[in-house]
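Here is the structure we will look at.
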Amino acid sequence: MGYEALHKVMNNYKRIAIKIGSNVLARRDGTLDITRMSAIVDQVAELRRSGKEVVIITSGAVASGRSEMKDTPRLDAVSARQLFSAVGQAKLINRYYEFFRDHGMVCGQVLTMKENFSTRLHYLNQKHCMEVMLDNGVIPIVNENDTVSVTELMFTDNDELSGLIATMMDMDVLIILSNIDGVYDGDPSLPESKLISEVLPDEALDAETIVARGKSQFGRGGMGTKFRIARKVADEGIAVMIANGKRENVLTDILLAGKEVPHTTFVAQRRTVSSVKKWIAHSDGFAKGEIHINQGAYVALTSTAQASSLLAVGVTRVDGEFEKDDIVKIVAPDGRVFAVGRTAYDSEEARKLIGVQGAKPIVHYNYLFIDQ
């Protein structure tokens, strides 16, 4: 797609999610970069004045707390994270509040945890809260509640959270701000590596080969996580951009001015995905068990000719313990997890139905997401 055509599409984006990474908001010493934070708020305010709805998914609570607690005795990693985030989150949201107030705008805090997305009811309650905020002109500032999210129930990082928020809120585009220009075809520090400006739906790219595996200096994730989340969100019909948040006016230059700023765009798949399937697509981390299937069932489920449900006759094994309506992983004959879905049975009932013909679907098509 030519840049003029692409900019025309960008101008039509009305609902925008912006994820601001730790490496954007933290200085080299790990403390909060207030100047950068203020500059990003100025750009968001300009987007709001142009008629855009904006949700911010922000890192920076730990960096903010570290700035405040410089003389703290040495703590273990979990204790330091809890202390810095507890102090830092209050300071961080206050900074956002003051910066937006200077523009005559109001923001509100949304603290969440991974388990808040694990049930459909909690998911919809969270969505309703943020819809009310947007309807009343309030800018949601979303962050993980790091003071209590210190177990396996933590998000991989705020990239994962931003993907969940973008799909939950039916955003037109998710912009992930990092400290580099986007995805490169090699190590970004090497001069021979080139920026990948556009990733098309179903384009064959090996993330392990082209994405640097190193983690962020201050965050928990890296470009590999960003790539994976971006592909998943784009596959659900939402465009994703990865750009350098340390570039001056990067948001307004890309979205409003139409300048050719270096970044990577993941082009959205042109298909409609229901709200329920969007929730299920991002629920693999909440899966309570696995359902293994035979080749016939795999072919039926992955066929593009017609939509199919997972029938008991195609099940070969049920692993784990789960209740009716829990999320389960669907495992292909080669051992690869290729789908997730909401089961119509608990694990005990599902095991009794292995190979049985004529039973109602183990996972109905309406509650099945296939990740091909």
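The values are calculated or read from the model by the stated rules, or taken from the named source; none is laboratory data. Values in this document were obtained by computation on a predicted structure and should not be read as measured data. As a convention, Cβ positions derive from the backbone with ideal geometry for all residues, glycine included, and neighbour counts pool all protein chains shown. Accessible surface is based on the protein model in full, side chains and every heavy atom, while ligands, DNA and RNA are left aside. Shrake-Rupley method; radii C 1.70, N 1.55, O 1.52, S 1.80 Å.
Could you give the length gained by full extension between Lys288 and Ser275, i.e. 0.36 nm per residue of separation minus their alpha carbon distance, to one decimal place? Mind showing how you got there, number by number?
On the way: separation 13, 0.36 × 13 = 4.68 nm, distance 2.11 nm.
Stretched out fully, the Lys288 to Ser275 stretch lengthens by 2.6 nm.
May I ask for the net charge around Val261, where only other residues with Cβ less than 11 Å from the Cβ of Val261 are counted and Lys, Arg are +1 while Asp, Glu are -1?
Details: positive: Arg247, Lys259; negative: Asp181, Glu248, Asp253, Glu260.
Computed value for this residue: -2.
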Cut-off 10 angstrom, C-alpha nodes, Gaussian network model of the chain. Which of Leu32, Leu301, Leu164 fluctuates the most? Leu301
Name the most mobile residue of Leu25, Leu124, Leu161, meaning the one with the largest mean-square fluctuation, in a Gaussian network model of the chain with Cα contacts below 10 Å. Leu124
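In whole Å, what three semi-axes, largest first, describe the equivalent ellipsoid of the chain built from its Cα gyration tensor (square root of 5 times each eigenvalue)?
Numbers: eigenvalues 268, 116, 81 Å².
Output for the chain: semi-axes of 37, 24, 20 Å.
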So the carbon and sulfur contribution to the accessible area of the chain, 1.4 Å probe, in percent, is 49
Computed ³J(HN,Hα) along the range 286-291: with the Karplus parameters 6.51/-1.76/1.60, θ = phi - 60°, integer Hz and x for glycine or proline, the list is 9, 4, 9, x, 10, 10
For the range 14-25, in residue order, the Karplus 3J(HN,Hα) values (coefficients 6.51, -1.76, 1.60; θ = phi - 60°; whole Hz; Gly and Pro = x) are 9, 10, 10, 9, 10, 9, 10, x, 4, 6, 7, 8
Say each of Val132 and Glu198 gets a label point 7 Å from the Cα, pointing the same way as Cα to Cβ; how far apart are those two points in nm? 4.2
Estimated inter-spin distance, Ser79 and Val356, nm [label 7 Å along Cα→Cβ]: 5.4
Quick check for you: with a 1.4 Å probe and neighbouring chains kept, what is the accessible area per residue of the chain, in Å²? 46
With only helices counted (DSSP H, runs n ≥ 4, each -39500 (n - 2.57)), the per-residue ellipticity at 222 nm for the chain, to the nearest 500, works out to -10000 deg cm²/dmol
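Can you work out the FRET efficiency for the pair Lys324 and Asn12, with r the C-beta to C-beta distance and R0 = 45 Å, to the nearest 0.05? Before the final figure, lay out the partial values.
Numbers: r = 42 Å, r/R0 = 0.93.
Approximately 0.60, to the nearest 0.05.
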Can you work out ³J(HN,Hα) from phi for every residue in the range 159-170, in order, using Karplus 6.51 cos²θ - 1.76 cosθ + 1.60 and θ = phi - 60°, giving whole Hz and x for Gly and Pro? 5, 4, 4, 5, x, 5, 5, 4, 6, 4, 9, 6
Given a 10 angstrom Cα cut-off, can you work out which residue in Ala61, Ala86, Ala257 is the most mobile in a GNM of the chain? Ala257
Can you list the residues, at least 5 places off or on another chain, whose amide H is less than 5 Å from the amide H of Gln269, using H built in the peptide plane? Asp235, Glu236, Gly237, Ile238
Return the distance in nm (one decimal) between the two label points of a simple spin-label model at Arg101 and Thr119, each offset 7 Å from Cα along Cα→Cβ. 3.7
